[in-house]
Amino acid sequence: MNSGDRLFGRFRGSATLQPPPAPPLPTPGVGLLVHLDHQARVLQLTGPLRYALAQPASGEHPAALADYLLAHSARSVEGSPQDWQGQTLDLDWRGSGGQTLHLRGWVQPAPQGWLLHLLDIGDLLLERQQAQQRQDSQQFAAQMSEQLRLCSLSRLPEVLHEQLHGLALHWHIPCLALALLDDQEQGWHIHGLYQGHDAPQLWHKGQALGTVLDSLHGNAPQSLTFTQGLSETPRLQTLFGNREGFVVPFRDDHGVAAWLLCGCYPVRQLAPQMGERDWLHLGAALAGPLLARLREQQHHNQLERLEALQGLLGTGWWELFAQDEEIQLAPQLALNLLLEPQTRRVPLSAWLDLIHPADREELRSRLQELQEGKPLLLCVRLQRTDPHQPPLWYRLQGQALGIGQNQRLVGFMLDISDIKNQEQQAAAAHARLDNLIAHSPAVIYVQQYVEGALQPTFFSDSLQPLLGWSLSDCNASALAERVHADDRERYFERTRQLLREGAVRSRYRLRDSRGEYHWVLDEARLLRDDLGMPVEAVGLWLDVTEATQASEQIRQSEERYRILVEDSPAMICRYLPDLTLTFGNRPLATYLECQPEQLPGSNLGDWLSAEQHDAFLQRIAQLTPEFPVSTAQICLQLPGREHAWWVWSDRGVFDPQGRLQEIQAVGRDNTEVRRAQLQLMQSAKMATLGEMATGLAHEINQPLNVIRMAIVNVLKRLGNGEVERNYLEEKLKRIEGQIQRAARVVDHMRVFGRRSEIEQQPFDPAQAVEGCLSLLADGMRGKGVELRVAHSEVETQVRGHVDQLEQVLINLLVNARDALLERRERQPDLHPWIALYTEHDPQWVRLRVEDNAGGIDPRLLGRIFEPFFTTKPVGVGTGLGLSVSYGIVENMGGRLSVSNTGEGACFCIELPRAEADQITR
Ligand code: ADP
């Protein structure tokens, strides 16, 4: 056209010729024939195309040719037809339907003007345009694919985006996305996308699309479907936001591998020239290289991972070239093996030299077998320069790929030193454990579950040393036979319980190979499979023969002790700190007049008086873990008996915190002994009395003499008739005084001779001093012995029996008197005296009896308290005085002691003062 323009230009303005007269126009079969005058006005139109023309724009007649043409064509036909002669005219005509008609023609002179012959070249033009655009599109595609192919992997996402952007701009696609299969090939996802600023947001990157695209692919497996697929599948419509769109598949060897999604895109309108193939080509140009690059990336990653993994595992591939006696190793592996890390091959011998000589020959032979097609699997050690280092172990695995000429021998080497070393350690530990088990008194066994029965399948090595059996001796029935006949029932119940409850613990006797029985403790557990079916029982026999025998011995010994306790004549019991009995033996029950079974729960306090009960509790409270034992004489009120005296020993049992938990006690009835003691004391008292009888005769004689003298004198006066009232009165009073004196002495003797009370009472020791003096004072004075008595002013009390303390004082005074009288016989100028005085301190009351009779021979000092020890002539001394006195004072919780003062002896009675609340007033 342009060249045409230039040509037109050249002829513009040339002279016009007079037109010849117009012959009738022939009507062509195709195209258009236009009869023009010399001013290029249309005189006539013929041919089929004339019906397709629009009416000329100007209403003039005849209309100019330019009026039939589009503006740009109109400009090209300026001037007259003569100017156009010899040129090809391409003219765009306005069609009647608003379309453009592309016509090509030429002018030739005709009578009265020119004939313009025109043919329709619309198809030609369209094809050319299409070819042009296809080329354009192919070029675009080629560039795109080149960009994607050549960019670095790191820039790939960026470049993809650029390409999508370019594609969208070029074909005016508002939303464009590329969907790829995701990693697990479960479905599609948006891999990359471009969206125009004013386009709706149809998709986002990474969006999972599921299998929605597969349905489309299923419907039209071979060809691309414009939009129609979308309207047919509602899910696809949703994917495209219910707007127009279309999809372009990309196929590779495995089928559709990518989809190009074009959203909001009326493709027919916006790219009418693009054919199906063009789109497929474009899609392929984008997706093909991209997928290849992604695969490359994946491959790269995989390689990297593999490299890293090989490095981490200390592993690597190798390939053997048997012909050349060479081997090639993965670089990392070569490095690990201290070979030059090279891709070149190394001689096989160099590699074999690295292997420990012990494994080398075997490896060589295995490599030989590998060439014959036998897979290789071998663990080898490396030769180490330092023999003290633990060996390096490699696992070698290899196989032959292909056959004949194409055979390749490949494999890998894996560093398994860790595993091997652990294996060796485990083996050593295992051996130690085996050894331990073999020497322990335990057998581990496994019994297989077979149709309801348990069949032994394994025993640890300790079976032989323990029972002398081997596994073959122990099938199920043989095992039962080896169980002691008495325990067999228990053994069968053990199996039943194991199957029923899944675990069991039982004890029975097994006969060993020598016929001896062992007590075994059998602990077993049933293992089940996933369905809950029993699989096997795992258990342990522990030889508990010794323990069982020991416990049997303990049981027997307990039984013996039980019999001892039961049959002991002593009373044995256990009770709680509140005196509640938890156990009591038969003798105790007999004393308390009940059955032994009735004793637990009853309270010891029920048989004690209130005072005894308090004293008992106080004594128990003083037990400590350091001094857990206490012995006392207790007094009980037994049913049917007046009083019983028991010697009672308690031992406290304490918990770890030192709290008293219970008391174990042993008692013995001491009533008879006590009674005998009392009788002894009584007889001693009587002896004292008897001894005093002479003195007492004097005591009573004295008033009797006075009375007799008074009566003689009164009678004399009466005989003389000198009865004077005053005189008589005075004599009678004297007589009465003397009678009272005698009565007092007799009275006190009666009191003194009485038996002591059963229970101790608090009393003032001064009473005893008074009672003693009332009996002895006059007699002493009569014998010329001075009595020096000094009382403490403070009133105090002690516990015991007042008559008994009086008896002690009498004994001491009488002994002192005897010693004094004896001494005076040898030393007549002696002025004999006895001092009796009382002292206190907060805890003790001390009564001292001192004399000046010269004291006691030091050699005899240690013996004078022995019963029947006396220095007095036979028939005079009994030797009981001091020993009984000693017992009395001790019974009152006190002490009787003696010492020599220089002038004589000094006896000291030391008594504990009664507690303030026990003092009676
Ligand atoms: P008896 O008086 O019957 O001999 P005792 O037991 O009372 O028995 O006394 C034992 C002995 O102790 C006496 O025989 C005497 O030798 C000695 N004795 C006791 N009191 C004194 C004393 N005050 N001085 C010297 N000797 C004494």
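The values are calculated or read from the model by the stated rules, or taken from the named source; none is laboratory data. Treat the numbers as computed from the prediction; the structure is a model and nothing was measured. Heads up, the Cβs are rebuilt from the backbone with ideal geometry, glycines too, and the neighbour counts pull from every protein chain shown.
Going by what's in this entry, would Gly855 be described as under 26 Å from Ser883 (Cβ atoms) and away from the ligand (no atom under 16 Å from the Cβ)?
The answer is no for Gly855.
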With respect to Pro331, determine if the residue is surrounded by 14 or more Cβ atoms within 10 Å (Cβ to Cβ) and either charged (D, E, K, R) or modelled with pLDDT of 90 or more (or both). no
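Residues are listed down the side, and each one gets a yes or a no for (1) on the phi > 0 side of the Ramachandran plot; (2) in contact with a Gly (Cβ under 6 Å, 6 or more places away or on another chain); (3) not hydrophobic (A, V, I, L, M, F, W, C):
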residue	(1), (2), (3)
Asn815	no, no, yes
Ala819	no, no, no
Arg823	no, yes, yes
Gln827	no, no, yes
Pro832	no, no, yes
Glu839	no, no, yes
Gln843	no, no, yes
Arg846	no, no, yes
Ile856	no, no, no
Breaking point among (1) more than 24 Å from Ala400 (Cβ to Cβ); (2) touching a Gly at 6+ places or on another chain (Cβ under 6 Å), for Gln310: (1)
Working only within the range 898-911, note down all residues that are within 13 Å of the ligand (Cβ to nearest atom) and assigned to a strand (DSSP E or B). Val898, Ser899, Asn900, Ala905, Cys906, Phe907, Cys908
How about the range 255-295: which of its residues are small (Gly, Ala, Ser) and within 24 Å of Gln207 (Cβ to Cβ)? Gly255, Ala257, Ala258, Gly263, Gly283, Ala284, Ala285, Ala287, Gly288, Ala292
Among the residues of the range 858-879, what is the count of those that are over 22 Å from Glu806 (Cβ atoms), among the aliphatic types (A, V, I, L, M) and near the ligand (Cβ under 9 Å from one of its atoms)? 2
Report yes if Pro266 is in contact with an Asp or Glu (Cβ under 9 Å, 6 or more places away or on another chain) and without any contact (Cβ under 8 Å) to a residue 40 or more places away in the chain, otherwise no. yes
In the range 551-565, is there at least one residue being touching a Lys or Arg at 6+ places or on another chain (Cβ under 8 Å) and over 30 Å from Gly601 (Cβ atoms)? no
In the range 810-827, residue farthest from the chain's Cα centre (by Cα) [restricted to those that are within 18 Å of Ser885 (Cβ to Cβ) and more than 8 Å from the ligand (Cβ to nearest atom)]: Arg817
It is to be established whether one or more residues within the range 532-543 are assigned to a loop (DSSP other than H, G, I, E, B) and surrounded by fewer than 16 Cβ atoms within 10 Å (Cβ to Cβ). yes
Val845 passes all but one of the listed conditions (1) surrounded by 14 or more Cβ atoms within 10 Å (Cβ to Cβ); (2) within 12 Å of the ligand (Cβ to nearest atom); (3) under 24 Å from Leu787 (Cα atoms); the exception is number (2)
If I ask for residues that are touching a Lys or Arg at 6+ places or on another chain (Cβ under 7 Å) and either closer than 30 Å to Arg509 by Cα or of a type in the set (D, E, K, R) (or both), which ones from the range 566-600 would you list? Glu566
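Yes/no matrix, rows are residues, columns are (1) in contact (Cβ under 8 Å) with a residue 24 or more places away in the chain; (2) surrounded by fewer than 14 Cβ atoms within 10 Å (Cβ to Cβ); (3) touching a helix residue (DSSP H, G or I) at 6+ places or on another chain (Cβ under 8 Å):
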position: Ser349; (1), (2), (3): yes, yes, no
position: Leu370; (1), (2), (3): yes, no, no
position: Arg395; (1), (2), (3): no, no, no
position: Gln399; (1), (2), (3): yes, no, yes
position: Asn406; (1), (2), (3): no, yes, no
position: Gln424; (1), (2), (3): no, yes, no
position: Arg432; (1), (2), (3): no, yes, no
Condition test on Leu830, is it more than 8 Å from the ligand (Cβ to nearest atom), within 25 Å of Val785 (Cα to Cα) and surrounded by fewer than 19 Cβ atoms within 10 Å (Cβ to Cβ)? yes
Can you go through Asp461, Asp434 and tell me which one is farther than 30 Å from Leu370 by Cβ, modelled with pLDDT under 85 and not in a helix (DSSP H, G or I)? Asp461
Just give me the residues in the range 852-902 being over 22 Å from Lys685 (Cβ atoms) and surrounded by 17 or more Cβ atoms within 10 Å (Cβ to Cβ), in sequence order. Asn852, Ala853, Gly854, Gly855, Ile856
Scanning the range 126-169 residue by residue, those hydroxyl-bearing (Ser, Thr, Tyr) and touching a residue at least 12 places away in the same chain (Cβ under 8 Å) turn out to be Ser137, Ser145
From Leu396, Leu339, which residue is within 23 Å of Leu306 (Cβ to Cβ) and at pLDDT below 90? Leu339
In this structure, does Ala835 turn out to be near the ligand (Cβ under 8 Å from one of its atoms) and closer than 18 Å to Leu809 by Cα? no
Does any residue in the range 857-877 that is closer than 17 Å to Gly904 by Cβ and in a loop (DSSP other than H, G, I, E, B) come within less than 6 Å, Cβ to Cβ, of a residue that is within 9 Å of the ligand (Cβ to nearest atom) and not charged (D, E, K, R) six or more places away or on a different chain, and which pairs are these? Ile864/Leu882
For the range 45-157, which fully contained helices (runs of 4 or more DSSP H) count at least 2 residues that are modelled with pLDDT of 90 or more and within 30 Å of His170 (Cβ to Cβ)? 122-150
Of those in the range 597-628 that are touching a Ser or Thr at 6+ places or on another chain (Cβ under 8 Å) and either closer than 21 Å to Met892 by Cα or of a type in the set (D, E, K, R) (or both), the residue surrounded by the fewest Cβ atoms within 10 Å (Cβ to Cβ) is Gln622
Filter result for Val666 (farther than 19 Å from Val565 by Cα, of a type in the set (A, V, I, L, M, F, W, C) and out of contact with any Gly (no Cβ under 8 Å at 6 or more places or on another chain)): no
Can you name the residue in the range 779-821 that is assigned to a strand (DSSP E or B) and of a type in the set (Gly, Ala, Ser) and is also nearest to Cys906 (Cα to Cα) among such residues? Ala790
Report yes if Gln163 is part of a helix (DSSP H, G or I) and modelled with pLDDT under 85, otherwise no. no
Out of everything in the range 170-190 that is in contact with an Asp or Glu (Cβ under 9 Å, 6 or more places away or on another chain) and in contact (Cβ under 8 Å) with a residue 60 or more places away in the chain, what residue ends up being surrounded by the fewest Cβ atoms within 10 Å (Cβ to Cβ)? Pro174
